[in-house]
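The values are calculated or read from the model by the stated rules, or taken from the named source; none is laboratory data. Model, not experiment: these values are computed from the prediction. Don't worry about glycine lacking a Cβ; one is built from the backbone with ideal geometry, like all the others, and counts go over all protein chains shown.
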């Protein structure tokens, strides 16, 4: 199968490595996505174990598309829709991209829908209804100049939603972004991990999740409705995840600080819902009061970015405080900071050794590594 995985911007290489580890091949990295080829068992495993992907799309056809007429014809000949979508089942269509004659995604989606239901109507005198809540199939069309790529989306919900985070702090990181950032640090459970301002706890939770590699299996996958869905292989892969006892490594300290009492309680609840209360310890206090005695490890932080430098002197003071605190208490540790404002990082008064471009909620950021001396 030809598959495309959508990725947080900046984490494409991390996702590509993950795909390769689970058996994907012919991997091509593009902006915000990774395309590859795989068989059924790899596709199913990636849905269980991928920490980075938002969604997976299976390509079923690509064809020249200049206007609504060539789109209509290309969709109808893409596959045997009469077998793939029974007329008593629902579907919906999503469109990305455009060309000179197909500029509006809603109009383009209607042409895809009409091409399919016209086939049903002609053969059965009946047609599928459109449903966006829980459809039988989700069809995705991507237009790039005069090329149309038609795919099937494999899940309704994005895979970044792990189910443990009904409670959110201010400006929370998406779970897959948090997982990717921790993977970049190469942290493993043999070293301590500290989040100075843990918010809803995402970096700590995803760090522990990366180490334990416990599968996140949803109740329903859209690929179970595909005409060629291999139930035997799917059940075998499910069985493997149940029969494989995760090797739980010996964890060093995993610690978070959160000064806001309400956000602290939210983070504590999230950690509990994720099942990691035995691994993560958080404190309702200013990080400046944290004192621990252990071997060097990794410190992470996603502080406020601010909008205009000088508009908020409190942020300048915060960055000065972070830098001073680390240099006085954590010599020999690594510090990773998610920065959305390069003007503020100079107040750390620390020299960066690596900067990784990422996007957080549409904000151009850098995941910056410092060696604390």
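Criterion first (in a helix (DSSP H, G or I), more than 22 Å from residue 363 (Cα to Cα), in contact with a helix residue (DSSP H, G or I) (Cβ under 9 Å, 6 or more places away or on another chain) and touching a residue at least 24 places away in the same chain (Cβ under 8 Å)) does residue 259 satisfy it? Walk me through how you get there before you give the answer.
Numbers: in a helix (DSSP H, G or I): no; more than 22 Å from residue 363 (Cα to Cα): yes; in contact with a helix residue (DSSP H, G or I) (Cβ under 9 Å, 6 or more places away or on another chain): yes; touching a residue at least 24 places away in the same chain (Cβ under 8 Å): yes.
For residue 259, the condition - in a helix (DSSP H, G or I), more than 22 Å from residue 363 (Cα to Cα), in contact with a helix residue (DSSP H, G or I) (Cβ under 9 Å, 6 or more places away or on another chain) and touching a residue at least 24 places away in the same chain (Cβ under 8 Å) - is not met.
Residue 315 is checked against (1) crowded, with 20+ Cβ neighbours inside 10 Å; (2) at pLDDT below 95; (3) over 24 Å from residue 344 (Cα atoms) and fails just one. What number does that condition carry?
Just one mismatch for residue 315, condition (3).
Give the number of residues within the stretch 331-353 that are outside any loop (DSSP other than H, G, I, E, B) and out of contact with any helix residue (DSSP H, G or I) (no Cβ under 9 Å at 6 or more places or on another chain). So that I can check it myself, show each step before the final result.
Restricting attention to the stretch 331-353, the residues satisfying the condition of being outside any loop (DSSP other than H, G, I, E, B) are 334-339, 342-348, 352-353.
Then drop every residue that is not out of contact with any helix residue (DSSP H, G or I) (no Cβ under 9 Å at 6 or more places or on another chain), which leaves 342-343, 353.
Count: 3.
For residue 85, which of the numbered conditions (1) over 28 Å from the mean Cα position of the chain (by Cα); (2) without any contact (Cβ under 8 Å) to a residue 24 or more places away in the chain fails to hold?
Failing condition for residue 85: (2).
For the stretch 203-236, what are the residues that are modelled with pLDDT of 95 or more, over 16 Å from residue 152 (Cβ atoms) and in contact with a helix residue (DSSP H, G or I) (Cβ under 6 Å, 6 or more places away or on another chain)?
Residues satisfying the conditions are 203, 205, 206, 207, 233.
Identify all residues within the stretch 17-36 that are over 13 Å from the mean Cα position of the chain (by Cα) and either assigned to a helix (DSSP H, G or I) or surrounded by 20 or more Cβ atoms within 10 Å (Cβ to Cβ) (or both); write none if there are none. Give the steps one after another, and end with the answer.
First, the residues of the stretch 17-36 that are over 13 Å from the mean Cα position of the chain (by Cα): 17, 19-31, 35-36.
The answer is 17, 19, 20, 21, 24, 36.
Output the number of residues of the stretch 65-90 satisfying the condition of being touching a strand residue (DSSP E or B) at 6+ places or on another chain (Cβ under 9 Å) and either at pLDDT below 95 or part of a loop (DSSP other than H, G, I, E, B) (or both). Give the derivation first.
In the first step, residues of the stretch 65-90 are kept if they are touching a strand residue (DSSP E or B) at 6+ places or on another chain (Cβ under 9 Å); the result is 65, 70-71, 73-75, 77-79, 84-85, 89-90.
Filter once more, keeping what is either at pLDDT below 95 or part of a loop (DSSP other than H, G, I, E, B) (or both): 65, 77-79, 85, 89-90.
Qualifying residue count for the region: 7.
Go through (1) assigned to a strand (DSSP E or B); (2) touching a helix residue (DSSP H, G or I) at 6+ places or on another chain (Cβ under 7 Å); (3) touching a residue at least 60 places away in the same chain (Cβ under 8 Å) one by one and return the number of the condition residue 54 breaks.
For residue 54, the exception is condition (1).
Might you check whether a residue that is closer than 29 Å to residue 357 by Cα and surrounded by 18 or more Cβ atoms within 10 Å (Cβ to Cβ) occurs anywhere in the stretch 117-131? Talk me through it step by step, then tell me what you get.
Our first condition is that a residue be closer than 29 Å to residue 357 by Cα; within the stretch 117-131, this holds for none.
Scanning the stretch 117-131, I find no residue that is closer than 29 Å to residue 357 by Cα and surrounded by 18 or more Cβ atoms within 10 Å (Cβ to Cβ), so the answer is no.
Go through 224, 252, 258, 186 for me and flag whichever is surrounded by fewer than 22 Cβ atoms within 10 Å (Cβ to Cβ) and in contact with a strand residue (DSSP E or B) (Cβ under 8 Å, 6 or more places away or on another chain). Steps first, please.
Working: 224 fails: in contact with a strand residue (DSSP E or B) (Cβ under 8 Å, 6 or more places away or on another chain); 258 fails: surrounded by fewer than 22 Cβ atoms within 10 Å (Cβ to Cβ); 186 fails: in contact with a strand residue (DSSP E or B) (Cβ under 8 Å, 6 or more places away or on another chain).
Selected residue: 252, the only one of 224, 252, 258, 186 that is surrounded by fewer than 22 Cβ atoms within 10 Å (Cβ to Cβ) and in contact with a strand residue (DSSP E or B) (Cβ under 8 Å, 6 or more places away or on another chain).
Take residue 306 and decide whether it is more than 22 Å from the chain's Cα centre (by Cα), at positive phi and buried (at least 16 other Cβ atoms within 10 Å of the Cβ).
Values: more than 22 Å from the chain's Cα centre (by Cα): yes; at positive phi: yes; buried (at least 16 other Cβ atoms within 10 Å of the Cβ): yes.
So residue 306 passes the test.
Please go through the stretch 109-142 and pick out each residue that is within 12 Å of residue 94 (Cβ to Cβ) and either in contact (Cβ under 8 Å) with a residue 40 or more places away in the chain or assigned to a loop (DSSP other than H, G, I, E, B) (or both).
Scanning the stretch 109-142 gives 112, 130, 132, 135, 137, 138, 139, 140, 141, 142.
Let's see how each residue does on (1) modelled with pLDDT under 95; (2) under 27 Å from the mean Cα position of the chain (by Cα):
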residue: 100; (1), (2): yes, no
residue: 103; (1), (2): yes, no
residue: 111; (1), (2): no, no
residue: 116; (1), (2): no, no
residue: 120; (1), (2): no, no
residue: 127; (1), (2): no, no
residue: 133; (1), (2): yes, yes
residue: 146; (1), (2): yes, no
residue: 157; (1), (2): yes, yes
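One residue is enough: does the stretch 341-349 have a residue meeting the conditions under 18 Å from residue 195 (Cα atoms) and in contact (Cβ under 8 Å) with a residue 24 or more places away in the chain? Full working, then the answer.
So the first thing to find is which residues in the stretch 341-349 are under 18 Å from residue 195 (Cα atoms), and the list is 345, 348.
Now drop any that are not in contact (Cβ under 8 Å) with a residue 24 or more places away in the chain, which leaves 345, 348.
For the stretch 341-349, residues under 18 Å from residue 195 (Cα atoms) and in contact (Cβ under 8 Å) with a residue 24 or more places away in the chain: present.
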